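What follows is a short report on a single structure.
The values are calculated or read from the model by the stated rules, or taken from the named source; none is laboratory data. The shown structure was predicted, so the numbers you read here are calculated from the model rather than taken from an experiment. Counting neighbours? That spans all protein chains shown, and the Cβs are built from the backbone with ideal geometry, glycine included. Note: accessible area is taken over every heavy atom of the protein model, side chains too, but ligands, DNA and RNA are not part of it. Shrake-Rupley method; radii C 1.70, N 1.55, O 1.52, S 1.80 Å.
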Amino acid sequence: CELMPHKRAMYSAFCGGPAHLAHDLANLADIVRGQWFDGVVGGIPCQSRSELKSIRTPKFGDLLPSALDVLGACRWEWCLLENVTALDIPGFMRSRMNAMHYAQPHQSRERWFTHSPNMKPPTRLFEGDVDDLMAYSVVAGRIYGPKRGSRLQGWPEFMDLAGKFTSH
C-alpha cells in the first residue's frame, strides 16, 4: 500500500509484476480478503505513535487498526511489521533491533519489529556501540562530536584523550 506512484512502480518491479497495491490502506483489506500469502511485511507511519506528534500534527492518524483489518482479511504463514515504537498486536512478539548490528555500512537506526510468533529475530552480525562500529545516524546534519569525529576522520588516537572537548 503506497501513496507515491514511483514507489508503487518500484515495488511492482521488485516483485516481478503487479503486487497488491492500493492508494489507501482502508481499501486494502477488501482487495486481499480471503487470499493466502506466505508472508505479510509492512509498516505503518510512525508519526502518530512517536514523539514527533508533540512537535507537530501527524500527516496520518494511527493506521494500526487498518493494518489489523488487512491481517484479519487474509490468511498468511508469517507477518512482520516495523515501526519506531512497539506495536501492540495480540499474540505477536516484539523485537527491538538497531540496524548497525546487522549490515554495513553501519547505520545507527533503532526500530521495533512486531512479528508473528513463528518468526525468529536474526542473529546480530556486528557487536559494539555506535563508536565501535563507526555507525552513522539517519538524522541529517547530526554532529558527532570531536572524539567520534576524530575517529571517523582517521585519527582514532584522539578518542583516548582525557578532558572536555568542544566542536568549532
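Among Glu82, Glu77, which is touching an Asp or Glu at 6+ places or on another chain (Cβ under 9 Å), among the acidic types (Asp, Glu), modelled with pLDDT of 80 or more and within 26 Å of Ser95 (Cβ to Cβ)?
Working: Glu82 fails: touching an Asp or Glu at 6+ places or on another chain (Cβ under 9 Å).
It is Glu77.
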Of residues in the range 62-99 being in a strand (DSSP E or B) and among the hydrophobic types (A, V, I, L, M, F, W, C), the one least open to solvent (accessible area, probe 1.4 Å): Cys79
Every residue from the range 54-80 that is in contact (Cβ under 8 Å) with a residue 40 or more places away in the chain and within 27 Å of Tyr136 (Cα to Cα): Leu80
Close pairs (6 angstrom Cβ cut-off, 6 or more residues apart or separate chains): open to solvent by 80 Å² or more (accessible area, probe 1.4 Å) in the range 100-127, modelled with pLDDT of 95 or more and assigned to a strand (DSSP E or B) anywhere: Pro117/Met93; Asn118/Trp78
Boolean, Trp36 is open to solvent by 50 Å² or more (accessible area, probe 1.4 Å) and under 14 Å from the mean Cα position of the chain (by Cα): no
